[in-house]
Amino acid sequence: MLKQIEGSHAMAEAIALCRPEVICAYPITPQTHIVEGLGELVKSGELENCEFINVESEFAALSVAIGASAAGARAYTATASQGLLFMAEAVYNAAGLGLPIVMTLGNRAIGAPINIWNDHSDAMSMRDAGWIQLFAETNQEAVDLHILAFRLAEELSMPVMVCVDGFILTHAFERIDIPEQAQVDAFLPPYDPVQVLDPENPASIGAMVGPEAFTEVRFLAHYKQRQALRLIPAFSAELGKIFGRATGGLLRTYRIEDAETVVVAMGSICGTIKDTVDEMREDGVKIGVVCLVSFRPFPVEALGEVLAEAKDVVVVEKSIAVGVGGALADNIEGALRNLEKRPRLHSAIAGLGGRPIPRDSLRRLFETAVTDPWEGPHFLDLNDRVVGREIHRVRKVRRSGSTAENILRQLALTSQLPQD
Amino acid sequence: MTDVQMTDVPALAPDEAQQKLKFYQKGTFTVGNRLISEGERSVQASQARSNALTSGHRACQGCGEALGARYAIDAAMRASGNDLIAVNATGCLEVFTTPYPETSWQLPWLHSLFGNAAAVATGVAAAMRVKGKKTRVIAQGGDGGTTDIGFQCLSGMFERNDDVLYICYDNEGYMNTGVQRSSATPPAARTATTPALGPEPGNVFGTGKFVPKIAVAHNIPYVATATVADLHDLERKVVKAMAIHGARYIQINVPCPLGWGAPSCDTIKLARFAVECGLYPIFEAEHGRVTHARKIRKQIPVREYLKLQKRYAHLFRGGVDDPRVARIQAICDAHIAEYGLLGDDEEV
C-alpha cells in the first residue's frame with residue numbers, strides 16, 4: 001500500500017511484517033524512530049507474539065538478540081555510530097555463532113569530534129565482522145532490503161546488517177509502497193533454526209575452539225558468506241516478482257552502456273550521482289554509475305563485469321580509513337585487478353559527518369578524474385585554507401589545543417571577514 | 001563419623017529441599033546423607049540426579065567453582081524438571097567445561113561473551129516467553145564476569161526484572177587469566193595485579209563492591225549468598241529461587257586453591273572459615289529486604305582464615321601479625337553486626 005511516511009516508520013512497518021519475535025531497543029540517533037515505531041506496533045497489539053525489550057546499552061541490545069536467536073526466536077535490533085562500536089564485541093560474536101539476527105544501521109559518523117550526521121564510518125568499522133552488509137539507496141529499497149535480510153539471514157544462518165543513511169533516509173518523508181502481510185508471508189517462511197537451545201536435545205553452543213579447528217571455522221564463515229552472492233540476486237528476483245518492482249540485487253547500474261567514466265557509490269548518494277550523470281550525459285559526457293547494494297559479501301565478479309569497459313572508475317565513499325584512504329576504493333581495486341583493460345581508479349572521500357554532496361562538486365570531481373587525475377584519496381570540497389592555516393599554526397605552537405575546536409574557531413573568525 | 005550432633009532447626013521455607021534435620025560432623029558442616037531418610041537427602045544423593053556438569057572436565061583439583069556449579073545447576077535442574085537452559089559468561093567455568101569437541105554440560109548451554117551473560121539470558125527468556133514455553137533460564141559467571149565487566153548487563157537484567165536466575169561463583173579474582181584483582185577481591189589479598197610488594201602489600205583497603213547488596217537495592221524478588229561449605233543450604237536457595245519468577249541472584253563463595261594459595265584439600269575448610277569469621281555473610285533477601293541470615297555456629301578470628309592462604313602470607317611475615325589483620329577483623333565484626341550473624345538461627 002502506498003503511504004506518505006517517514007523512512008524510519010516505513011522500515012518499522014516492514015520489519016513488523018517480517019514477524020520478529022524479540023526486538024531489542026536502545027536509543028541512538030538517527031535510528032531511534034525505527035525502534036520507536038516498532039515499540040508502538042507491539043504496545044498497540046498490531047504486532048503480536050513479539051517481546052519488545054528496552055535494554056540498557058547497545059552491547060546488551062545485541063546480546064539479548066543473541067540469546068533470543070540462539071533460543072530459536074526471530075530477533076531484530078537497530079543501532080548507529082557509537083552504538084555499533086559499543087556492541088562491537090557482540091557484533092563479531094553473533095557472526096561467529098552463526099545467528100541470523102537482522103540489524104538496521106542508521107549510518108552516522110563516529111566521534112570524536114562527536115557528530116550525529118550521516119556518513120558510512122560506522123558500517124565500515126564492522127566490515128570484517130562476518131555480517132552481510134546491504135546498503136539502501138532509497139527508503140523503498142530500505143523497506144525491501146529488510147524483508148530480504150530476514151530470508152537471507154535465516155537461509156544462511158548468518159547475521160545481516162541493513163545500512164540506511166541517517167537522516168537522509170531515516171528522517172525523510174516519502175511515498176513508499178508498504179507490502180501486504182500476505183506478500184511478505186509468501187516470501188519469508190517461519191524461522192527454522194539450524195541450531196537451537198532445546199532441553200529435549202541439549203547442546204553446548206559457543207564452546208572454546210583451538211588452533212586445530214579455528215581456521216576451518218573461519219573458512220566456512222567466508223564460504224557461507226560467498227553463497228550470498230548467489231542468493232541475494234535470486235531472493236531479490238523472487239521479491240521483485242511478488243512486489244512487482246525491481247529491488248535489491250548485488251548492485252544496480254545506471255547508464256553505464258558505452259560509459260567511459262563509471263562512478264561507484266553506496267547508499268543514498270547514488271540518487272544525486274544519477275542526477276549528475278543525467279546532467280553530464282545531456283552534455284555528451286559518456287558517464288554512468290554503479291550503485292553497490294551488497295558491500296559484504298563483496299561482489300568482485302559482478303563489479304568486474306560492469307566496470308570492464310570503463311576507462312576511469314571514480315569511487316565516491318562516505319568514510320575514510322585514516323592512514324590509507326578509501327576502504328571501498330581499496331575493495332574496488334581488487335575487483336579491477338584482473339580486468340584485461342584495467343581502468344584508472346580514482347578515490348574520493350565525500351560527505352563526512354553529514355557534509356552535503358552537491359551536484360556541482362560531483363560534476364567537477366568526475367571531470368577532474370579524467371582531465372587531471374589525483375594521487376591517493378581526494379577529499380571532496382575540502383576547505384584547503386582552513387586546513388593549511390591549522391597545519392601552520394600547529395607547527396608553531398606546542399600546546400596547540402584541540403583540532404576540532406581550532407577549526408570551528410577559524411570558521412567563526414573567517415565568516416566575519418570580508419569574502420575575497 | 002564421630003561426634004555427630006543433631007540440631008533441631010525451625011523450618012526456613014516450606015519447600016522440598018528444606019531439610020527438617022541438620023547434622024553436623026565435628027569440625028565440618030557436612031551433613032551425612034546416610035543418616036537421614038531418603039526423602040530428606042540432598043539432590044546429589046539421588047540416583048536420578050541430572051548430573052548437569054559431568055565428570056571429566058578440566059577444573060583444578062579442589063576447585064570450589066566446579067563443586068558449586070554442579071550442586072547449583074543440579075538443584076535447578078531438579079526444580080525445573082530438567083527444563084532448563086544455561087548461559088555462561090567467559091571464565092574458568094566456561095573454559096574447563098567445554099573445550100570442543102568435549103562438553104561437560106548435560107543441559108542446553110550457551111556461551112557468548114565475558115560481559116553479556118545476563119543480557120543473553122534475558123534474550124533466551126524472552127524467546128521462551130514468546131514461544132509459550134515454560135523452560136527456565138539460568139545465567140552464570142565468575143566474579144569478574146559479574147561484578148566488573150558484566151555488571152551493566154546484570155543491573156539491566158535486574159531492573160527489568162527479567163525471568164533469569166543469575167548465579168555468580170565468587171572466587172574473589174580473575175583466576176582464569178592468572179589471578180588478577182577484581183572488584184570482589186578482598187583487601188590485603190595478593191593477586192598478580194595487587195602484588196605483595198611495597199609498604200602496603202596486596203589489595204588496598206576501602207575498595208571493591210559486594211554485589212549481593214547492590215542486587216538487593218534493585219528490589220528484585222530474591223537475592224542470596226551461599227557457600228560450598230554448606231551445600232544443602234546452597235541447594236535449598238537454588239530451589240527456592242527457581243520457585244520464583246523474575247530476576248534472582250545467588251552469589252556463591254567458591255575458594256580457588258590456585259588463586260588463594262591453599263591446598264586442594266582445604267577448599268571446604270576455607271569456605272567454612274570465610275563464613276565462620278564473618279568475612280562472607282550468608283543471607284537471603286526478598287524484594288529489597290534481608291529476610292534471613294545464616295548464623296555463625298562457632299565464631300573464629302579472621303586470622304585463622306587468613307593464615308591458611310598464601311595470598312595473605314605477607315600479613316604474617318616474621319611471625320608477627322600485620323596491623324592490617326585487625327582491620328580485616330573489623331570488617332568481619334561489621335558484617336556480624338550488620339547481618340546479625342551471632343545468636344540463634346531464626347527469621348529476621
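The values are calculated or read from the model by the stated rules, or taken from the named source; none is laboratory data. Owing to the predicted nature of the structure, the values given are computational and were not obtained by experimental measurement. Counting neighbours? That spans all protein chains shown, and the Cβs are built from the backbone with ideal geometry, glycine included. These area figures cover heavy atoms from the full protein model, side chains too; ligands, DNA and RNA do not enter into them. Shrake-Rupley method; radii C 1.70, N 1.55, O 1.52, S 1.80 Å.
Using a cut-off of under 11 Å, list every residue of the range A:261-286 whose amide N is near the label point 7 Å from the Cα of A:Arg359 along the Cα-to-beta-carbon line. Label zone hits: A:272-282. Label positions at A:Glu238 and A:Asp198, each projected 7 Å from the Cα along the C-beta direction, are separated by 2.2 nm. Only one residue of A:Val397, A:Pro299, B:Ser182 has its Cα farthest out toward the positive end of the dipole of the protein assembly as shown, where Lys and Arg carry +1 and Asp and Glu -1 on Cβ, and that residue is B:Ser182. For A:Val263, nonlocal amide neighbours, meaning residues 5 or more places apart or on other chains whose placed amide H falls under 5 Å from its own, are A:Gly288, A:Val289, A:Val290, A:Val314. Only Lys, Arg, Asp and Glu carry charge here, each on its Cβ (+1 for the first two, -1 for the last two); on that basis the protein assembly as shown has a dipole of about 2180 debye about its Cα centre. Shielding value for B:98-108 is 5, the average number of Cβ atoms from other chains within 10 Å of each residue's Cβ. Here r is the Cβ-Cβ distance between B:Ile244 and B:Cys265 and R0 is 25 Å; the resulting FRET efficiency, rounded to 0.05, is 0.10.
Springs between Cα atoms under 10 Å define the GNM used for chain B, and in it the highest mean-square fluctuation of B:Gln47, B:Gln180, B:Gln309 occurs at B:Gln47. How large, in percent, is the carbon and sulfur part of the accessible surface of chain A at a probe radius of 1.4 Å? Percent of accessible area from carbon and sulfur atoms in chain A: 53. Full extension of the chain between B:Ala48 and B:Ala337 gives 99.9 nm of extra length, using 0.36 nm per residue less the Cα-Cα distance.
The angle between the Cα long axis of helix A:384-396 and the longest principal axis of the Cα atoms of chain A comes to about 80 degrees, rounded to the nearest 10. Residues of the range A:200-216 that bury at least 40 Å² of accessible area when the other protein chains are present, relative to the chain alone (probe 1.4 Å, heavy atoms, ligands and nucleic acids excluded): A:Pro202, A:Ser204, A:Ile205, A:Gly206, A:Ala207, A:Met208. Since only A:Leu145, A:Gly37, A:Leu134 are under comparison, the one whose Cα sits farthest along the positive direction of the charge dipole of the range A:2-243, derived from C-beta charges on Lys, Arg, Asp and Glu, is A:Leu134. Taking chain A as a whole, the Cys residues whose C-beta sits 4.7 Å or farther from every other Cys C-beta are A:Cys18, A:Cys24, A:Cys50, A:Cys163. Say the dipole of chain B comes from +1 at the beta carbon of Lys and Arg and -1 at that of Asp and Glu; which of B:Phe158, B:Ile250, B:Gln140 then lies farthest toward its positive end? Farthest towards the positive end: B:Gln140.
So what is the calculated 222 nm ellipticity per residue for chain B, using -39500 (n - 2.57) for each DSSP H run with n of 4 or more, over all residues, to the nearest 500 deg cm²/dmol? The helix-only estimate for chain B comes to -8500 deg cm²/dmol at 222 nm.
Ballpark to the nearest 100 Å², how much total accessible area do B and A bury together, probe 1.4 Å?
Its buried surface, counting both partners, is about 2900 Å².
Computed with a 1.4 Å probe over protein heavy atoms only, the accessible surface of chain A comes to 44 Å² per residue. Each stretch of four or more DSSP H residues adds -39500 (n - 2.57); spread over every residue of chain A, this sum gives -14000 deg cm²/dmol at 222 nm.
The amide H of A:His378, built 1.01 Å from its N in the peptide plane, has A:Ser347, A:Ala348, A:Ile349 as neighbours under 5 Å, considering only residues 5 or more places off or on other chains.
Any idea what angle helix A:359-371 forms with the longest principal axis of chain A, computed on alpha-carbon atoms, 0 to 90 degrees, nearest 10? Its long axis makes an angle of about 70 degrees.
Compared with the dominant principal axis of the Cα atoms in chain A, helix A:269-282 is inclined by about 50°. Pop a pseudo-label 7 angstrom from the Cα along the beta-carbon direction at both A:Leu231 and B:Lys133 and give the gap in nm to one decimal. Inter-label distance under the simple model: 2.2 nm.
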